[in-house]
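The values are calculated or read from the model by the stated rules, or taken from the named source; none is laboratory data. Just so it is clear, the structure is predicted and the values come from calculations on it, not from any experiment. Positions of Cβ are backbone-derived with ideal geometry, glycine not excepted, and every protein chain shown enters the neighbour counts.
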Amino acid sequence: MERFDLAIIGAGPAGMAAAREAADLGLAVVLLDEQARPGGQIYRDVERAGPVRGDILGEDYTAGTRLTQALLHDRIRHIAGAVLWAIEDGFCLSYTQDGRAAQVSADRVLIATGALERPMPLPGWTLPGVMTAGAGQILLKQSGVLARRAVLVGSGPLLYLIAAQMVRAGTPPLALVETQTVADRTRALHHISGALRGWRYLVKGLKLLAQITRARVPRHTGATGIAIEGSDRAEAVTFTSHGRAHRIDCDTVFLHHGVVPNTQAARSLGVMHRWRRDQACFSPVLDPWGETDVPGIYVAGDGAGIVGAKAAEHAGRLAALAVATSAGHLGQGERDRRAKRLRLALDRERAVRPFLDAAYPPCVEALAPADGTIICRCEEVTAGTIRSHAKLGCLGPNQSKAFGRAGMGPCQGRYCGLTVTALLAAANGRTEDDTGYYRIRPPLKPVTLGELAAMDDTSDGA
C-alpha cells in the first residue's frame with residue numbers, strides 16, 4: 001500500500017491550498033476527491049466551465065483556476081473520482097474509484113470536506129422539481145443548465161448570487177422568497193464593525209442586489225408559512241409576507257438557508273465536536289493550527305465552521321505549515337513567521353461572518369418543522385415521529401434509530417442529523433451538546449461487494 005506524508009480529503013479551496021503548501025515544503029501529498037476535476041463546490045469544474053460560462057458565474061468563480069493549476073506538482077498525487085468510505089487505524093484510507101476499491105495510507109490526514117447545504121424541511125420539499133439552490137448552481141457550472149420559472153426560497157447571500165447569475169444568463173427567477181426579518185437585520189448591526197472590516201463582501205452583496213433589482217425580480221422578505229404545492233411535482237409556492245398571503249406558480253423551487261460543516265469523516269474518527277449557536281450546527285474542536293483532539297488529524301475550511309472560500313484557503317495553508325513542522329520539514333520559528341501573514345488574512349476574511357450569520361439566520365420553521373413534515377427523506381420519517389420518540393424516553397439521535405430508523409438510509413444522516421438533534425433537544429429540554437449526534441461508522445458512503453472484490457491485489461493484503 002502506497003504511503004504518503006499527508007493525505008488530504010477534498011479538493012476544494014482548503015484542500016488545494018494545503019496540498020500545494022505542503023508539497024512546496026517537501027511533503028509527499030495524496031489528494032482524494034469525489035469529483036472528476038478539482039475545485040470543490042465553490043470552484044466546481046472551473047477549468048472547463050470558466051472559459052465557457054465565466055461571464056455568468058463571475059470573477060470570484062474563475063479565480064479558482066489559480067488553485068487548481070497549483071496542483072500540478074511532482075509531490076502531489078491527485079486521485080479524482082475517489083469516493084472515500086473509511087479512515088481506519090494507522091490512517092489507512094479506503095476509497096472507491098471506477099468501480100474498484102483501493103487504499104492509501106498517510107502519516108497525517110487533513111479533512112477538507114467543506115460544507116453541506118442545510119436541509120430545509122418544509123411542507124412539499126420532497127416533491128420533484130424542488131432542490132437546493134446549490135444543486136441548481138451545480139447544474140449551471142457543470143452543464144450550463146438553468147431552470148426556467150424558478151422561485152428561490154430561504155435566506156443568505158448565496159440566494160442573491162444564484163439569482164444574479166440567472167439574470168445574467170437570461171433566465172431570471174420569478175421571485176425571491178426570503179425568511180430573514182427586520183429584527184434579524186437589527187441584531188446584525190451589533191456586528192457592524194466586523195462587517196466594515198469585511199467591506200468587500202458588503203460591496204459584492206450590494207452589486208448583486210442591484211442586478212436583481214434592475215431585472216425587476218420581486219423580493220418578499222419576512223416570509224412565513226412557506227409551503228410548496230403540487231400533486232406529483234412542484235407547481236406553486238405559498239407563503240405570507242408582511243401580513244399578505246401570496247401564491248406563486250412555478251416549475252422549480254430552489255431552497256437555501258445556509259450551509260453547515262460536513263463532519264462525517266471527522267466524526268468517524270471520534271473527533272470532538274461542539275454545538276455552535278451562532279451557526280446552529282456542530283463543528284469540530286480544533287487548536288489554532290486546525291489539529292483535532294485526535295493526534296495527526298486536522299480539519300480546515302468550511303468543515304471546521306463556515307468561513308467562506310478565501311478564508312478556507314488560508315486555513316488550509318496554516319494546517320499545512322503545522323503538518324510540515326510536525327513532520328520535521330519546517331522549524332517552529334519559520335512556521336510562525338509564515339503563519340503571521342496568513343492569520344492576518346484569515347482574521348480579515350472572518351470579520352464579516354458574525355454580521356452575515358446574524359442578518360441571515362436559518363429559517364425558524366425549517367429548524368422546527370411541523371409534525372407532518374418529512375425530515376428524513378431516506379426513511380420517510382416525519383418531525384412528529386421524532387417528537388413522539390422523545391415522549392417515549394428517547395434522548396438522542398443514536399437511540400432514535402432503534403425507534404424509527406431516521407439516519408439509517410443511504411445518506412447516513414447527513415441531511416437529517418441536525419434536525420433530529422434539534423427536535424430531540426427541544427422536546428426533552430436539553431442542549432444540543434447533551435443530545436448529541438449520530439455515531440458515524442464506516443462505510444461513510446455506500447460500497448458494493450463487487451468493488452471490494454475488485455480491489456487491487458497489490459494492496460499488501462489489505
Qualifying residue in region 287-303 (condition: within 28 Å of E432 (Cα to Cα), of a type in the set (S, T, N, Q) and surrounded by fewer than 23 Cβ atoms within 10 Å (Cβ to Cβ)): yes
Residue in region 202-231 that is surrounded by the fewest Cβ atoms within 10 Å (Cβ to Cβ), counting only those that are β-branched (V, I, T) and part of a loop (DSSP other than H, G, I, E, B): T221
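Considering only residues that are surrounded by fewer than 16 Cβ atoms within 10 Å (Cβ to Cβ) and more than 9 Å from P123 (Cβ to Cβ), which ones fall in region 369-382? Before the answer, list the steps.
First, the residues of region 369-382 that are surrounded by fewer than 16 Cβ atoms within 10 Å (Cβ to Cβ): 370-372, 380.
Within region 369-382, D371, E380 qualify.
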Number of the condition not met by G328 [criteria: (1) out of contact with any helix residue (DSSP H, G or I) (no Cβ under 9 Å at 6 or more places or on another chain); (2) in a helix (DSSP H, G or I)]: (2)
Neighbours by Cβ (under 7 Å, 6+ apart or cross-chain): first from region 405-420, crowded, with 20+ Cβ neighbours inside 10 Å; second of a type in the set (K, R): G407/K401; Y415/R377
Close pairs from region 176-188: first exposed (fewer than 15 other Cβ atoms within 10 Å of the Cβ), partner of a type in the set (S, T, N, Q) and at pLDDT 95 or above, Cβ under 9 Å, at least 6 apart: V182/T221
Test set (1) modelled with pLDDT under 95; (2) part of a strand (DSSP E or B) - Q279 fails condition number: (2)
Helices (runs of 4 or more DSSP H) contained entirely in region 1-91, each with at least 2 residues that are over 20 Å from A312 (Cα atoms) and more than 17 Å from the chain's Cα centre (by Cα): 46-57
Any hit, region 153-165, residues being at pLDDT 95 or above, in a strand (DSSP E or B) and under 13 Å from I212 (Cα atoms): no
Sole exception among (1) touching a residue at least 12 places away in the same chain (Cβ under 8 Å); (2) not in a helix (DSSP H, G or I) for D287, by number: (1)
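Where in region 371-462 are there helices (runs of 4 or more DSSP H), lying fully within it, with 2 or more residues that are touching a helix residue (DSSP H, G or I) at 6+ places or on another chain (Cβ under 6 Å)?
Details: elements: 383-391, 397-404, 417-428, 432-435, 449-453.
Qualifying helices (runs of 4 or more DSSP H): 383-391, 397-404, 417-428, 432-435.
Do the conditions hold for A236, that is, is it among the small types (G, A, S), outside the structural domain of I56 (by TED's automatic domain parsing) and under 30 Å from R348 (Cα atoms)?
Details: among the small types (G, A, S): yes; outside the structural domain of I56 (by TED's automatic domain parsing): yes; under 30 Å from R348 (Cα atoms): no.
It is false that A236 is among the small types (G, A, S), outside the structural domain of I56 (by TED's automatic domain parsing) and under 30 Å from R348 (Cα atoms).
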Residue tally, condition closer than 21 Å to E117 by Cα and in contact with a Phe, Trp or Tyr (Cβ under 9 Å, 6 or more places away or on another chain), over region 305-320: 2
The one condition in (1) within 20 Å of the chain's Cα centre (by Cα); (2) within 30 Å of G222 (Cβ to Cβ); (3) surrounded by fewer than 20 Cβ atoms within 10 Å (Cβ to Cβ); (4) of a type outside the set (A, V, I, L, M) that R439 fails to fulfil: (2)
Residue identified as within 24 Å of the chain's Cα centre (by Cα) and more than 26 Å from A304 (Cβ to Cβ) among E349, E379: E379
K310, sole failed condition from (1) under 23 Å from V153 (Cα atoms); (2) touching a residue at least 24 places away in the same chain (Cβ under 8 Å): (1)
Members of region 259-284 found to be over 18 Å from C411 (Cβ atoms) and either polar (S, T, N, Q) or buried (at least 24 other Cβ atoms within 10 Å of the Cβ) (or both), listed by number: Q279, S283, P284
Hits in region 403-457 - residues which are within 19 Å of L392 (Cα to Cα) and among the aliphatic types (A, V, I, L, M): A406, V420, A422, L423, L424, A425, A426, A427
Some residue of region 107-128 being surrounded by 20 or more Cβ atoms within 10 Å (Cβ to Cβ), in a loop (DSSP other than H, G, I, E, B) and touching a His at 6+ places or on another chain (Cβ under 8 Å): yes
Residues of region 412-447 that turn out to be of a type in the set (F, W, Y) and touching a Gly at 6+ places or on another chain (Cβ under 8 Å), as a count: 2
